[in-house]
1. For region 433-451, how many residues are part of a helix (DSSP H, G or I), open to solvent by 20 Å² or more (accessible area, probe 1.4 Å) and either under 20 Å from ASN400 (Cα atoms) or modelled with pLDDT under 85 (or both)?
2. Quick check on LEU376: is it touching a Cys at 6+ places or on another chain (Cβ under 7 Å) and in contact (Cβ under 8 Å) with a residue 40 or more places away in the chain?
3. Specify the residue that is nearest to LEU279 (Cα to Cα); the eligible residues are those in region 234-265 that are open to solvent by 10 Å² or more (accessible area, probe 1.4 Å) and polar (S, T, N, Q).
4. Somewhere in region 317-335, is a residue within 22 Å of the chain's Cα centre (by Cα), among the aliphatic types (A, V, I, L, M), surrounded by 16 or more Cβ atoms within 10 Å (Cβ to Cβ) and within 28 Å of SER580 (Cα to Cα)?
5. Check region 334-341 and report whether any residue there is of a type in the set (Gly, Ala, Ser) and under 15 Å from VAL568 (Cβ atoms).
6. Looking only at region 45-66, how many residues end up being at pLDDT 90 or above and open to solvent by less than 10 Å² (accessible area, probe 1.4 Å)?
7. Which of the numbered conditions does ILE405 fail, given that it passes all the others? Conditions: (1) farther than 16 Å from MET464 by Cα; (2) at pLDDT 90 or above.
8. List pairs: first residue in region 417-428 and under 14 Å from ILE405 (Cα atoms), second residue open to solvent by less than 90 Å² (accessible area, probe 1.4 Å) and assigned to a loop (DSSP other than H, G, I, E, B) anywhere in the structure, Cβ distance under 7 angstrom, at least six positions apart or on different chains.
Amino acid sequence: MSIDDKLKSLNDMQLKGVLKTEGPLLLLAGAGSGKTRVLTHRIAYLIEKGVSPWNILAITFTNKAAREMKERAAAITPRGSEVWVSTFHSACVRILRREIDKIGRSNQFSIYDADDSERLIKDILKELNISDKMYPPKYVQSVISSQKDTMTSPDEFAEITEKDFRLKRVADIYRIYQKRLKDNNALDFDDLIYMTVRLFEQRPDILDKYQERFRYIMVDEYQDTNGSQYELVRLLAKKYRNICVVGDDDQSIYGWRGADIRNILNFKEDYKDAVVYKLEQNYRSVKPILDAANSVIKNNRHDQLKSLWTEKSEDGKITVYRAEDDRFEAEYICSEIDRGVSEGKEYKDFAILYRNNALSRVIEERLIKNGIPYRLFGGTRFYDRKEIRDIMSYLKAVYNPNDDIAIRRIINVPKRGIGDTTVGRVGEYALEKGISFYNALCECESISSISPSAARKLRAFGIMLDELREAAEEYSVSFFIEKVMEDTGYKAELEAENTDISKGRLENLEELVNKAIEFEEASEEDKSLSAFLEEVALVADVDAFTEGDDTVVLMTIHSAKGLEFDTVFIAGFEENIFPSYRSLTEGDINALEEERRLCYVGITRAKRRLYLTSAVSRLQHGNYVANAISRFAKEIPEELIEFKQQGVRTSSESRPSVPSSGFKAAPNNLRRPVNTYKMPEPKDVTLDYGVGDMIRHFKFGVGSVVDINPAGADYEVTVDFKSVGTKKLMAKLAKLKKI
């Protein structure tokens, strides 16, 4: 079959994208519009028309995408496998291995991963006698990475931070860090692109060599490029200008890690003669889902608005479900999966997506209890996450001092100056004496191979465990977990890091506290630490259902980008969760628009069925909160939605009122202000205080009652505490005492 025959399978816009081979081209490719198909056919068309595969470069963001593109190109034309198809980083490694010696570096360089990089930064901080509490290594690492993303050298960074003492100190570290990398003959991950651009800038002859080599350049997911990636592409394409970039500004969701949406929005300014084609026909989703996605994303500012359409005119509405709380929300999701499987679907047809990983815990537990097999992507299982394992190890060590594994895990977490050598010597002594690691630790002064300084640190650790053991007998499990995080310095260390990763870990730890609160509420008699550890162990250890391919998929929406599923649930579809609290409180329209783009990505993962689920009451940060339904739900036309709430099924003509922020253009039933929503009056809670009264809380101390509202079978009490400010508490759990 000739290439012309193969092109007949393309739609009109796809065909235009293939045939336009000369000059700059922007393909605005909507979700599910077949962009990979266009790129692979474009490669094949160029080769069949006489262009050497040697002269074609295709850049992607993942190795998986690169492999798929090369395989599909090879299936269309025999020489498709000869094209240089790779990620940004792998392309740069290939170039640097051949050319970096031209700028005074060795071609045999090592590549440092994030852990290597962090270790080097820690060494530099020690050399400079800089506190890693004041300058957490991960924070320094993040700042340095951001400078390389924007092609900012250490000297340039020092100049722009001259009046900011903290950042000026980081600039000093950055300069030494780069020198140490050079001394170690190493490049970190960001350097791979940064140094390639520097190579091209310093050696025009080498740049010309690769411009001649790559006369036709294609870049996938262009909306996800950062500053250094943009500059790399600009330099390579500058001579022949045969550059085709494919992307979707509506799917730009990685601003938090350096992606610059302006790269795709300003393409026409960078290349005045650029041609723009829109790929709007969707081959993935049915019409109601696409209509919903279009309705949401049109609320963002647009230079070139796309409108996805499909020939799949299958009927059906989007389900917006409102549960009483997050446990019932998870139970509803499970029941819908069970129903779908009973009707002939497979578990792998279902995906449960969420805005942040902390939301997975309740869902995971319900899936396990309902016997539904699942796999967690984009992260580890909740109870396998490092921070959860760390704190659970503290609980285990307190409950059972003979648990050597738990104590060894936490003996230097957070860092307290107890090194591997010291730990090894304690272990050797324990084996020699036939005693537990903990008992050996308590006898550390008797271990001759351990210095007095190390012995003091070991003893301090042992005393801390003893004090925690006494506290465990006094406090509830939930309060004790918080005490462990505070007394050990674990929470403070994560707060000091102040990175996206550390914030995510803090959210997960808050979710662990939520788990403990649920345990206390559900337990009629035994609310002890041992009972809690047993319950968690039974949940965490049940992993037989995760084996095999036929499983429900759990992941963040960020992780789901590029994937598709028959049926998608987006859980936690609430204000302050999705969109996130940060995007709403910072007042930054760009942050809110990125949240809306993330919603668009989530919606367009679904092929046939979409559920947007939320809860009237959700346990967050140790307290029950009542978030309104996400404004994004209210941006979907009423005729596309079937609204359901727990225990009630309603038609689109007769839906119940739900909490709402009154967002513009919301359907009538979703528009009422939050204070008009009436929860059932509590029947079994009697309060001996009212608004204006002074009360005492076992943890927060004295405060004044600001507001009281019914919340299911309880009351939500808002209290202004002298110590910590305003808190929302559930009356039954908080046990507030009137003064």
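1. Count: 4.
2. Values: touching a Cys at 6+ places or on another chain (Cβ under 7 Å): no; in contact (Cβ under 8 Å) with a residue 40 or more places away in the chain: yes.
It is false that LEU376 is touching a Cys at 6+ places or on another chain (Cβ under 7 Å) and in contact (Cβ under 8 Å) with a residue 40 or more places away in the chain.
3. The qualifying residue nearest to LEU279 (Cα to Cα) is GLN251.
4. Scanning region 317-335 turns up at least one residue that is within 22 Å of the chain's Cα centre (by Cα), among the aliphatic types (A, V, I, L, M), surrounded by 16 or more Cβ atoms within 10 Å (Cβ to Cβ) and within 28 Å of SER580 (Cα to Cα).
5. Filtering region 334-341 for residues of a type in the set (Gly, Ala, Ser) gives 335, 340.
Filter once more, so that each one left must be under 15 Å from VAL568 (Cβ atoms): 340.
Yes, the conditions are met somewhere in region 334-341.
6. 6
7. (2)
8. Taking only residues 6 or more apart or on different chains, the pairs are VAL423/ILE411; VAL426/ILE447.
The values are calculated or read from the model by the stated rules, or taken from the named source; none is laboratory data. Since the structure is predicted, the reported quantities are computational estimates derived from the model, not experimental observations. Ideal geometry is used to build each Cβ from the backbone, glycine not excepted, and the neighbour counts take in all protein chains shown. Side chains are part of the model used for accessible areas, which takes the heavy atoms of the whole protein and leaves out ligands, DNA and RNA. Shrake-Rupley method; radii C 1.70, N 1.55, O 1.52, S 1.80 Å.
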